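Structure, as structure tokens:
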Ligand code: GDP
Ligand code: K
Ligand code: MG
């Protein structure tokens, strides 16, 4: 059998379950998941390697109307994902309202790549509601194959994987056959810290934060990590630290536990907070943080 390889790009609105599905298909916790929109900021590759296959999944930020430069960059990640796909997975769920005329949906209609429409979270639905949704989507995306799914429970994900393999073109691998992702370990460390901030802080705080892993020293017994939490305003610094430093301590402890699981090693984690005024609108800050400009 000839080798097959290709890019499978997962796109859709915020919170429909794109990162949950990516992690399920890749079998690793590469993308952070929370109930908040804009949890995913980058395009994250997760690579599945088998003897005759290399499937390069990419998880993307949700499609949104940009209010600042960071969000413009996030939207670009999602738009590019429509252009370089061998298979597009357009994801929706049983709760989101369909916006028939969205620019993004129009671009999905125009693409030449095969489109799979995943209707996620069917664990929160019933058969009648689902039938109705399937018919509506058949009208909107007549060429798409439809897969009702629960990414969280793993329902129908195996069938999706089977279909993806059929659709992949014959091709040599794009990456090393033992590669899991294109991002460095530091990136995942910073994402784990950001996940805790999304979970423990309210309102605009998570959206004003960027994590920079300043030092990552791997010893025989332990990994020493020093990370900076950049905030956009002075007032946010105090909130991150919290009364007697308790909020930051909790963030650090919970992040460390997950980083230890991810690295399978003991970790010593130090967190600092720095004010980096309005970094979300500054080209040079965004570039330093790895957002293409
Ligand atoms: P993304 O923004 O599209 O990447 O969505 P996430 O993967 O971050 O998931 C958003 C929220 O939906 C999280 O709270 C997930 O636990 C939840 N979620 C994802 N898939 C399912 C599913 O199949 N069923 C249910 N009930 N919840 C799900
Ligand atoms: K989310
Ligand atoms: Mg996501």
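The values are calculated or read from the model by the stated rules, or taken from the named source; none is laboratory data. Small disclaimer: the values here were computed from a predicted structure and weren't measured. Note: ideal-geometry Cβ built from the backbone for every residue, glycine included; neighbour counts use all protein chains shown.
A few notes on this one:
- Subset of the range 215-269 [under 21 Å from residue 288 (Cα atoms) and either surrounded by fewer than 13 Cβ atoms within 10 Å (Cβ to Cβ) or without any contact (Cβ under 8 Å) to a residue 24 or more places away in the chain (or both)]: 215, 217, 234
- Candidates 78, 35, 31, 58, filtered to the one that is within 16 Å of ligand 3 (Cβ to nearest atom) and over 26 Å from residue 159 (Cβ atoms): 35
- Boolean, residue 17 is surrounded by 20 or more Cβ atoms within 10 Å (Cβ to Cβ) and at positive phi: yes
- Candidates are the residues of the range 125-154 that are over 15 Å from residue 23 (Cβ atoms), within 15 Å of ligand 1 (Cβ to nearest atom) and not in a helix (DSSP H, G or I); the one that is farthest from the chain's Cα centre (by Cα) is 126.
- Those residues of the range 34-67 which are in a loop (DSSP other than H, G, I, E, B), touching a residue at least 40 places away in the same chain (Cβ under 8 Å) and out of contact with any helix residue (DSSP H, G or I) (no Cβ under 8 Å at 6 or more places or on another chain), in sequence order: 52
- The listed residues are 78, 113, 31, and the only one of them that is within 16 Å of ligand 2 (Cβ to nearest atom), in a loop (DSSP other than H, G, I, E, B), touching a residue at least 12 places away in the same chain (Cβ under 8 Å) and closer than 30 Å to residue 170 by Cβ turns out to be 31.
- Across the range 95-104, a minimum of one residue is classified as in the same structural domain as residue 12 (by TED's automatic domain parsing), in a helix (DSSP H, G or I) and out of contact with any helix residue (DSSP H, G or I) (no Cβ under 6 Å at 6 or more places or on another chain).
- Residues of the range 2-37 satisfying the condition of being near ligand 1 (Cβ under 7 Å from one of its atoms) and over 12 Å from the mean Cα position of the chain (by Cα): 35
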